């Protein structure tokens, strides 16, 4: 099963230094029955893209909670045994596609790291700043948060992590 772990750049630096993502249990996103029902598709690539999007949204929440983190969403993609991930029940916005990993995976097991391009930083900063208001129902703030989603995360190999942390 492919899972997507939301992080920030400081979180990625910690994982790089420790050699693993953690501590467990670790929140991630994957193609769950709830995500399949919500997205209404049988195309696994589309469903995985939706799970990646859920992880990117969770990364934005991590950024909103850490004012010192660089304003770039980070998601680590890795393959785990199906039994290693337990789906979070429910189809609510904050649990859709969410899974829990009981063990901290080694960073070397990652298939890829997805990170915002430099030019996304202003929109991601604005989205992180507007997140609380958007959650409270402010339509303009929701529009700002959705603006971060207009930016595709770039793909990087695990060996490229040191360059991302400079």
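Summary of computed values
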item: So residue 74, is it in contact with a strand residue (DSSP E or B) (Cβ under 9 Å, 6 or more places away or on another chain), within 16 Å of residue 113 (Cβ to Cβ), crowded, with 16+ Cβ neighbours inside 10 Å and at pLDDT 90 or above; result: yes
item: Every residue from segment 77-93 that is in contact with a strand residue (DSSP E or B) (Cβ under 7 Å, 6 or more places away or on another chain) and part of a loop (DSSP other than H, G, I, E, B); result: 80, 88
item: Members of segment 46-66 that are within 17 Å of residue 13 (Cβ to Cβ) and more than 14 Å from the chain's Cα centre (by Cα); result: 65, 66
item: Residue match in segment 108-117 (condition: in a helix (DSSP H, G or I) and surrounded by 14 or more Cβ atoms within 10 Å (Cβ to Cβ)); result: no
item: Residues (under 17 Å from residue 1 (Cα atoms) and not in a loop (DSSP other than H, G, I, E, B)) located in segment 18-32; result: 26, 27, 28, 29, 30
item: When residues of segment 150-166 are limited to those that are part of a loop (DSSP other than H, G, I, E, B) and loosely packed, with under 15 Cβ neighbours inside 10 Å, the one modelled with the lowest pLDDT; result: 166
item: Condition broken by residue 69, with the remaining ones in (1) assigned to a loop (DSSP other than H, G, I, E, B); (2) without any contact (Cβ under 8 Å) to a residue 60 or more places away in the chain satisfied; result: (2)
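Okay, residues lined up against (1) modelled with pLDDT of 95 or more; (2) buried (at least 19 other Cβ atoms within 10 Å of the Cβ); (3) under 17 Å from residue 73 (Cβ atoms); (4) in contact with a helix residue (DSSP H, G or I) (Cβ under 6 Å, 6 or more places away or on another chain):
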residue: 97; (1), (2), (3), (4): no, yes, yes, yes
residue: 100; (1), (2), (3), (4): no, no, no, no
residue: 105; (1), (2), (3), (4): no, yes, no, no
residue: 127; (1), (2), (3), (4): yes, yes, yes, yes
residue: 131; (1), (2), (3), (4): yes, yes, yes, yes
residue: 138; (1), (2), (3), (4): yes, no, no, no
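Every residue, every condition in (1) under 19 Å from residue 86 (Cβ atoms); (2) out of contact with any strand residue (DSSP E or B) (no Cβ under 9 Å at 6 or more places or on another chain); (3) part of a strand (DSSP E or B), yes or no:
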residue: 6; (1), (2), (3): yes, no, yes
residue: 10; (1), (2), (3): no, yes, no
residue: 15; (1), (2), (3): no, no, no
residue: 34; (1), (2), (3): yes, no, no
residue: 49; (1), (2), (3): no, yes, no
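The values are calculated or read from the model by the stated rules, or taken from the named source; none is laboratory data. The structure displayed is predicted, hence computed values, not measured ones. FYI the Cβ positions are ideal-geometry reconstructions off the backbone, even for glycines, and counts take in every protein chain you see.
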